[in-house]
Amino acid sequence: MSRPWVTVDRLKDHIGETVELRGWVYNTRSSGKIRFLILRDGSGIVQAILYSADKNSPLFQRFDTLTMESSVVIWGKVKEEPRAPGGVEMEMEDFEIVQVSPEYPIQKKEHTTSFLMPLRHLWIRSQKQYAILKVREIVVWKVREFLRNEGFLLVDTPILTPSSCEGTTSLFQTQYFDEKAYLSQSGQLYNEANAMAFGKVYCFGPTFRAEKSKTRRHLIEFWMVEPEAAYYNFEEMMGVAERFIEYIVQETLKEGKEYFQILERDTSSLEKLKTPFPRITYKDAFKILREENSETPDGEDFGGTDETVISNRFDGPVFVTRFPAKIKAFYMQPDPEDAEATLSFDLLAPEGYGEIIGGSERIHDYDLLVKKIHEHGYSEDDYRWYLDLRKYGSVPHSGFGMGLERMVCWLTGIHHIREAIPYPRTLNNLYP
Ligand code: 4AD
Ligand code: MG
């Protein structure tokens, strides 16, 4: 008799058939003549039930050696069970033990994060972490789908770079044979070159910031998707950004339903999300901060609490635009209506999740860019290739970056960004 190997997520296509499952013991229970095995196989979780008329049968004796996270192959008949999470159950006929685990360090009780973080390589097997990382995977797909449908071409940018994009204070330095190199803070500068070659482009990869700030929103290594487009002005790029967010949210909710259920995430506010998102200027945002008694001085960048205070005035995401040049990166196009300001935008997520997107129109004038490079204390020589883009067919262009983990945090409703990436790199954590 053939007993094909199937995965838990496909069991509903095999009702009435006898199949093989290969996985790990999530949990076991026993009562008299019945044994329950909750099996996980990476694609999902299912309950398998083993009956025996003799409660001391060799089958039961073998079953009772199973411990949490032991690896097993099981065979049995798939049954419809409307009350079960995936709508199916297995009537188990036999099983084979691949390995019996010694006592598993993570028990089915509340553990502290400081206990769990060094066990991250095992912790990702638990239902909540599993669900978060599944949502992350869906978001990545939706990001790529949206951008491809909109005509943005993936053009990869390097991780080892000779110069900075987002300021020198958070640069990760490394040795590149006889030269100094830095881990990429952003693929943007290369994106700009790519946009002049391909029109609309994006990069999506790990980025690094040696940020000394220890907050629930900052990682040292995080993934950023960065679209960039030639001939797009700042308003047009904000339009891309809001449609991008709307698409990711709606599509991820649809495809990730079961994971949002595991996470007990109330998705009603996400479902209501609708473009266009409101736009307020940096100056308007400061009026809100003054009303709410923020102590952040005028002209400074918002703190995490400020972002929450501002976004609490709105139901959904809100754009804050036209930040002062003084607190932003060197490449931002000045605001024609206010010499101190830039054509920049941040998108703040609701529910206190803070800035998920940062973007701007870029300086396209050669002389102005040279001036800004000097004002920031950078060496013109390091940016020679970047300046070339303003020499040969320069055009207005814009782009933005979205932090993948910030997006996942907001969607899943988790408190801390370290759970939105498989192996978080935080200020004090490089292990495992
Ligand atoms: O605002 P940022 O620094 O913008 C840039 O890097 C631009 N060069 C992007 C571009 O225009 N192509 O970062 C963009 C986004 C932020 O809005 C945030 O979501 C995320 O990247 N981000 C971080 N996420 C986690 N940990 C950190 N330390 C982050 N720093 C930025
Ligand atoms: Mg920013």
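The values are calculated or read from the model by the stated rules, or taken from the named source; none is laboratory data. Since the structure is predicted, the reported quantities are computational estimates derived from the model, not experimental observations. Quick reminder, even Gly has a Cβ in these numbers, built from the backbone with ideal geometry, and neighbours come from all protein chains shown. Note: accessible area is taken over every heavy atom of the protein model, side chains too, but ligands, DNA and RNA are not part of it. Shrake-Rupley method; radii C 1.70, N 1.55, O 1.52, S 1.80 Å.
Numbers below:
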quantity	calculated
Selection status of residue 351, in contact with a Ser or Thr (Cβ under 8 Å, 6 or more places away or on another chain), more than 9 Å from ligand 1 (Cβ to nearest atom) and at positive phi	yes
Unique residue being among the charged types (D, E, K, R) and either surrounded by fewer than 18 Cβ atoms within 10 Å (Cβ to Cβ) or in contact with a Gly (Cβ under 6 Å, 6 or more places away or on another chain) (or both) when the list is 83, 35	83
Extreme residue, least open to solvent (accessible area, probe 1.4 Å), among residues of segment 145-167 that are hydroxyl-bearing (Ser, Thr, Tyr), more than 16 Å from ligand 2 (Cβ to nearest atom) and in a loop (DSSP other than H, G, I, E, B)	163
Any hit, segment 356-376, residues being in the same structural domain as residue 122 (by TED's automatic domain parsing), open to solvent by 30 Å² or more (accessible area, probe 1.4 Å) and within 14 Å of ligand 2 (Cβ to nearest atom)	no
Residue match in segment 152-159 (condition: within 16 Å of ligand 1 (Cβ to nearest atom), among the hydroxyl-bearing types (Ser, Thr, Tyr) and under 30 Å from residue 411 (Cβ atoms))	yes
Residues that are surrounded by fewer than 21 Cβ atoms within 10 Å (Cβ to Cβ) and of a type outside the set (Gly, Ala, Ser), drawn from segment 391-409	391, 392, 395, 396
Flag if residue 114 is open to solvent by less than 30 Å² (accessible area, probe 1.4 Å), over 30 Å from residue 6 (Cα atoms) and of a type outside the set (Lys, Arg)	no
Tabulated pairs, segment 268-280, first touching a residue at least 40 places away in the same chain (Cβ under 8 Å), second among the acidic types (Asp, Glu) and surrounded by 11 or more Cβ atoms within 10 Å (Cβ to Cβ), C-beta under 8 angstrom, 6+ apart or interchain	269/315; 269/351; 272/315; 273/246; 274/246; 277/242
Single unsatisfied condition, residue 181 versus (1) of a type outside the set (Phe, Trp, Tyr); (2) outside any strand (DSSP E or B); (3) free of Cβ contacts under 8 Å to residues at least 40 places away in the same chain; (4) buried (at least 16 other Cβ atoms within 10 Å of the Cβ)	(2)
Among the candidates 35, 125, residue that is more than 25 Å from residue 416 (Cβ to Cβ), basic (Lys, Arg) and out of contact with any Cys (no Cβ under 6 Å at 6 or more places or on another chain)	35
Helices (runs of 4 or more DSSP H) enclosed by segment 249-345 - at least 3 residues per element that are surrounded by 15 or more Cβ atoms within 10 Å (Cβ to Cβ)	257-262, 282-291, 304-311
Pairs, first in the same structural domain as residue 385 (by TED's automatic domain parsing) and in a loop (DSSP other than H, G, I, E, B) in segment 194-215, second of a type in the set (D, E, K, R) and within 11 Å of ligand 1 (Cβ to nearest atom), C-beta under 6 Å, six or more apart	none
